[in-house]
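Visitor: Quick one: the structure is below, and I'll ask about it shortly.
The values are calculated or read from the model by the stated rules, or taken from the named source; none is laboratory data. On a predicted model such as this, the values are computed, not experimentally measured, just so you know. Because the Cβ atoms are built from the backbone with ideal geometry, glycine has one as well, and the counts that use them run over all protein chains shown. We work out accessible area using only protein heavy atoms, side chains counted, and drop any ligands, DNA or RNA first. Shrake-Rupley method; radii C 1.70, N 1.55, O 1.52, S 1.80 Å.
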Amino acid sequence: MHGADGARTCPVPGRRAAWPADTGQPFGKAAAIAKLHASEVAGQSLQLHGGYGYMRESEISRFYDDAKILEIGEGTSEIQRNVIARHVLDG
């Protein structure tokens, strides 16, 4: 998924993670999926916009910066994939 299509899908995994968290249910797998999806869409959007995506004036540059900062704080994409796999294997 690239560009606008990917960006439109970001709220869906976020909502899937928020609902269980709000209702006191386990949400680790859903949160990992949402984080992984959002970080990958940000990277794909930056590539789609080419050189313009790196210009500080562009929104995509700011979104990408935010995604990278959160990736550092919340775990890399590989870690998120491991969390998802652990949840799938544990049932």
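Visitor: What are the pairs, 6+ residues apart or on separate chains, where a residue within region 33-48 that is within 19 Å of residue 72 (Cβ to Cβ) and among the charged types (D, E, K, R) has its Cβ under 6 Å from a residue that is in a helix (DSSP H, G or I) and open to solvent by less than 70 Å² (accessible area, probe 1.4 Å)?
Guide: What qualifies is 35/80.
Here's the yes/no breakdown for (1) at pLDDT 75 or above; (2) hydroxyl-bearing (Ser, Thr, Tyr); (3) surrounded by 12 or more Cβ atoms within 10 Å (Cβ to Cβ); (4) under 23 Å from residue 15 (Cβ atoms):
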| position | (1), (2), (3), (4) |
| --- | --- |
| 36 | yes, no, yes, yes |
| 43 | yes, no, yes, yes |
| 52 | no, yes, yes, no |
| 57 | yes, no, no, no |
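Residue-by-condition table, conditions (1) in contact with a strand residue (DSSP E or B) (Cβ under 7 Å, 6 or more places away or on another chain); (2) farther than 25 Å from residue 17 by Cα; (3) in a helix (DSSP H, G or I):
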residue	(1), (2), (3)
39	no, no, yes
45	no, no, yes
49	no, yes, yes
53	no, yes, yes
56	no, yes, no
66	no, no, yes
70	no, no, yes
80	no, no, yes
84	no, no, yes
